[in-house]
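To start, the structure under review is shown below, and the notes come after it.
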Amino acid sequence: MAAAAAPAKIGIIGGTGLDDPEILEGRTEKYVDTPFGKPSDALILGKIKNVDCVLLARHGRQHTIMPSKVNYQVNIWALKEEGCRTSSHIIVTTACGSLREEIQPGDIVIIDQFIDRTTKRPQTFYDGSHSCARGVCHIPVAEPFCPKTREVLIETSKKLGLRCHSKGTVITIEGPRFSSRAESLMFRTWGADVINMTTVPEVVLAKEAGICYASIAMATDY
């Protein structure tokens with residue numbers, strides 16, 4: 001007899017202004033440690049419509065951690081160890097700037113590709129410094145975001161009547177400064193649609209961890 005599928009547990013990484021723990025029922029806090037250190041904040045465990053969820057504030061609940069200082073390795077590893085892996089997913093939110101006139105402030109973009117312009121962040125668990133991740137891992141990222149989860153997010157956005165763009169390329173810059181006008185114009189010619197400071201290396205590390213990962217980007221400005 002085949003083993004029953006494990007119940008879903010959804011990891012939610014909340015970005016700037018999008019990490020309110022009030023969305024969870026029966027909330028409890030759990031402080032954890034990992035081989036890579038401590039995550040940005042406590043894991044908030046609870047349910048949304050009877051689905052087990054784990055919420056983590058990417059920048060800390062007081063928004064004290066700037067993008068370059070977020071320990072993305074720890075955050076993904078902590079969610080993996082909490083059970084957001086087999087048969088489960090990580091859904092993240094991110095505030096972003098629009099590089100396209102048709103993507104207006106307040107619009108949602110279900111990102112499907114990224115361009116990496118970060119310079120100071122560990123990009124892999126397999127850096128040789130931790131026994132929990134031995135060897136070398138060349139992870140394929142031709143399709144970095146989980147297509148099935150993206151489909152669910154797109155359909156749900158349509159049902160809710162939200163202005164939603166079903167695909168888009170995000171360019172992740174190091175920050176903390178915003179891009180200059182000349183840089184933004186260059187990024188447009190590269191095919192970028194929105195710009196932020198957090199998608200990379202988060203999505204790459206989720207890939208390495210074997211977790212389905214999808215991102216809801218909200219445009220805040222041009």
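Taking a ≥ b ≥ c as the square roots of the eigenvalues of the Cα gyration tensor, the range 87-201 is classed as oblate, since a/c reaches at least 1.5 and a/b does not exceed b/c. Students often get this wrong, so try it: which of (1) 60, 42, 38; (2) 69, 39, 36; (3) 54, 44, 39 is Cα extents along the principal axes in Å as calculated from the structure shown? The value matching this structure is (3). As a proxy for reagent exposure, Ser179, Ser40, Ser68 were ordered by neighbouring Cβ count within 10 angstrom, fewest first; the result is Ser68, Ser179, Ser40. For Gln113, the shell of other residues with beta-carbons less than 12 Å away shows a net charge of -2, using +1 for Lys and Arg and -1 for Asp and Glu. In terms of other Cβ atoms within 10 Å, Tyr31, Tyr213, Tyr222, Tyr126 run from fewest to most in the order Tyr31, Tyr222, Tyr126, Tyr213. The lysine pair count for the range 10-219, using Cα distances under 22 Å and pairs eight or more places apart or on different chains, is 29. In this simple spin-label approximation, Ile48 and Gln104 carry label points 7 Å from Cα along the Cα→Cβ vector, and these lie 2.5 nm apart.
The numbers here are math on the coordinates, done by the rules we state, and not lab data. Predicted model, so just to flag it, every value in this text is computed and none were measured. Note that each Cβ is placed from the backbone with ideal geometry, even for glycine, and that neighbours are counted across all protein chains shown.
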